[in-house]
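Reading through the structure tokens given below for one structure.
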Amino acid sequence: LRMLELAREASGDAEAFISGTAYMRAANSRVLRGDLLSMLPTIFVIMAVIALFSFRSPRGVAIPLLTILTAMLWTLGLMAAFDIPLNLVTTIIPILLLTVGFAYSVHVIADYYRALGEDPAEVASAGGPVAWALHHVSAPVLLTVLTTMVGFLALTLSQFPTVREFGLVSVFGVAATALLTLTFSPAILQLLGAPARHGKDAGPSGDRPDRMSGWFARIGQYSVDHRSGMLLTGGLVALLSFWGLFRITVDTHLITNFSVENPVRVHFEAINEHLEGARPFTIAFQSESDDAFVDPENLRALVSLQRWLEDQPEIGGTTSFADYVMLLNRAFHDDDPERLRIPDDPNLIKQLLLFGENDELEDYVDSSYRNTLIRVRSNCRTTQEIGLLADRIEDRMTRLPGDIRGGVTGNTVVLAQSIDAIANGQIESLSIAIGFIYMIFVILFTSFRMGLLALIPNALPILLFFGVLGLTGVPLNATTGLVACVVLGIAVDDTIHFMTRFNVEAREQVDEKAGAVATLVSIGRPVTVTSIGLCLGFLVFTTGELRNQAEFGALAAFVLATAWLVDITITPALCSGMRIVTLWDILNYDLGKDFQVSIPIFHGLSKTQARITALMTRVETHPANTTLCRAGDIGDSLYVVIDGELRVSIKAKNGRKVEISRAKRGDVVGEIALYHGKRTADIETVGSARLLRFDRDNLKRLRRRYPRIGAQVLWNLSETMADRLAAATSREIELESRFA
């Protein structure tokens, strides 16, 4: 700006304009600082309003805001300590952390208020509402933090320092946010104690009707009832996105990144108009031979190339060493216009240069005349235009004579050429992130197939993002390319919360479909609140002046809204047809002491495989004297006794009930109905009993997801039935011999 002031002072009545890469970078920095200072307060107000609407209590507002503010200050302190600047990419970090951290805090506060509405005895046994909330939310929050960090860590593989810095700082910020969410927030809640009232002024756990829960119940039921239609819709969206994927353009805004009223753009457009191009670049030439560029043939080739360049619509003018030689030739021939050409004799050219050489000439040719250049003024406004022009120029230069080689260079061209590398790097980072998240799902759900199914609700919004880029013409560049990795890490959060909660609800409801609906009712509020907060947080970027950031914010908000829609429609439909087993279920599930030995159906299985088998079926607890089934009933299940005792009896011809056996730990009863479909005896509990209930669907699912486990279980069942058949045959032979 000082340079512009000096130019205006020196120009008198003439207009003065300034442009160039350095000036644009300085202007970018000023705009970014101004936007950040206005966006941060806006984000805080939005988060406060959402928290107040959701929890209707001062602590529900203050604690999340205080947590995310502390995490943001830690992160900015890290950036200052390591001299990481705020630029077009890293300036996203503070607002990103505010929105992501708010989502984590909402889940903790929501579970805290949920604890206040639970059975007081159960909550007290867990250590109080804070401990109860942490018990329920810690595992999914830690897992979501891990997946979010994976998304950002993938960006550290980029070859561009700015993108790497963004990834590293974001990883630190997310980790700090999670640490504070699981320590600082609960500590404040514990210090404050339970609120005096649990009604409308103390959170969402009061007695008032919850319209949102009813709404989610209806959505969940519709999704479950129309499962095929929901999955088909998702497939059609994926196909449409694939079509758009191949229409993506790789580009970044240069001067068009600024609004038309911004002085930077006003000055650029004025220079572009008056000087026929404000975007300079250079074409460099070199030869292995000395004096190559005092050869008339080579100089005429440069002049021919210049004429071709000036015929291109993107180019306003060119200057070169050949121009200087032609001007000298005309000057030494009484300024004859006919002499504005390259002399035929190379010695004459050297003589002209001997008299006309000056310091400016050194900018165009070296002393050995082996290297020279052409300076070009272009009116290109985007890197795509520059890249296409550079390709045409490179193609035209293949017609240069002799050993002359050339290339297009300059800050603008290098930036245009790097955009492709940036875009490809972002896609590579995204692929790595998806691979890591898939492996996390595989470990969590102990199945490659289940890991793939869990990935679907998260991959669909990302695929839609790329489809939208292609269908709308929004370019893929360094800023918009961040959306996919950023959103992937965040969108996984809701899916994990859904699936881990579904794992509990499906067992409590003893039905996957009912479990899917109950899960959506349970997590619908916090997932919706966090999604609204995230979308509004990213939409704040659209209020900034720079177009790249506005596109980033709009796209991120759109993809997150899509991810939320997928999680409340397609995810319940997907889960309603499957049984989920998570890693911590396997680690924590108790089948009693030495269960692989005492329960024959688990013979040949490892402890992990045996627990998977139990979790894939149903574990039921029945009080004493409960009738499980009667002879003649239709059924397709068998029971394995884990704890307790069962009485198996039949009715004699005289109507009296005759006990034929007692089943204790490890025994199997009802196996005939599994295959035959009809009960042949009465089964009832003697005392309280815990049973493993297998039916045909359980076994089919086990064979499909874990074929080795399923094969071993079926083998063990076959051995059990063979032993019983052999025992029955032996008794029959014994009776026949006794009465023979």
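The values are calculated or read from the model by the stated rules, or taken from the named source; none is laboratory data. Everything numeric in this text was worked out from a predicted model, so none of it was measured. Using ideal geometry, Cβ is built from the backbone for each residue, glycine included, and neighbour counts are taken over all protein chains shown. Keep in mind that these areas ignore ligands, DNA and RNA; they rest on the heavy atoms of the full protein, side chains included. Shrake-Rupley method; radii C 1.70, N 1.55, O 1.52, S 1.80 Å.
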- Task: Could you pull out every one of the helices (runs of 4 or more DSSP H) wholly within segment 604-706 that has 3 or more residues that are of a type in the set (Lys, Arg)?
- Result: 696-705
- Counted residues in segment 494-528 being open to solvent by 10 Å² or more (accessible area, probe 1.4 Å) and within 26 Å of THR177 (Cα to Cα) come to 9
- Task: Pull up segment 575-596, narrow it to residues that are open to solvent by 30 Å² or more (accessible area, probe 1.4 Å) and not in a loop (DSSP other than H, G, I, E, B), then point me to the one that is modelled with the highest pLDDT.
- Result: GLN596
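In segment 329-385, which residues are of a type in the set (Lys, Arg), more than 49 Å from the chain's Cα centre (by Cα) and at pLDDT below 90?
Kept after step one, since they are of a type in the set (Lys, Arg), are these residues of segment 329-385: 330, 339, 341, 350, 370, 375, 377, 381.
Those left that are additionally more than 49 Å from the chain's Cα centre (by Cα): 330, 339, 341, 350, 370.
Listed by number, the residues that qualify are ARG339, LYS350.
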- Item | Residues of segment 152-183 classified as in contact with a Leu (Cβ under 6 Å, 6 or more places away or on another chain) and more than 23 Å from THR70 (Cβ to Cβ), total | 2
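Looking at segment 423-445, is at least one residue closer than 20 Å to LEU546 by Cβ, modelled with pLDDT under 80, open to solvent by 50 Å² or more (accessible area, probe 1.4 Å) and not acidic (Asp, Glu)?
Just the residues of segment 423-445 that are closer than 20 Å to LEU546 by Cβ, to begin with: 423, 426.
So of that shortlist, the ones also modelled with pLDDT under 80 come out as 423, 426.
Those still in the list that are open to solvent by 50 Å² or more (accessible area, probe 1.4 Å) too: none.
No, there is no match, as no residue in segment 423-445 is closer than 20 Å to LEU546 by Cβ, modelled with pLDDT under 80, open to solvent by 50 Å² or more (accessible area, probe 1.4 Å) and not acidic (Asp, Glu).
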- Within segment 450-462, identify whether any single residue is over 16 Å from the mean Cα position of the chain (by Cα), modelled with pLDDT under 80, more than 17 Å from PHE558 (Cβ to Cβ) and in a helix (DSSP H, G or I), and answer yes or no. yes
- Message: So, LEU157, is that one touching a residue at least 40 places away in the same chain (Cβ under 8 Å), under 30 Å from LEU482 (Cβ atoms) and either aliphatic (A, V, I, L, M) or open to solvent by 40 Å² or more (accessible area, probe 1.4 Å) (or both) or not?
- Response: yes
- All but one of (1) at pLDDT below 90; (2) among the basic types (Lys, Arg); (3) outside any loop (DSSP other than H, G, I, E, B) hold for ARG208, so report the exception by its number. (3)
- Query: Within the bounds of segment 244-262, is there any residue that is open to solvent by 40 Å² or more (accessible area, probe 1.4 Å) and in a strand (DSSP E or B)?
  - Reply: yes
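Does GLY128 qualify as being open to solvent by less than 40 Å² (accessible area, probe 1.4 Å), modelled with pLDDT of 80 or more and on the phi > 0 side of the Ramachandran plot? Steps first, please.
Numbers: open to solvent by less than 40 Å² (accessible area, probe 1.4 Å): yes; modelled with pLDDT of 80 or more: yes; on the phi > 0 side of the Ramachandran plot: yes.
The answer is yes for GLY128.
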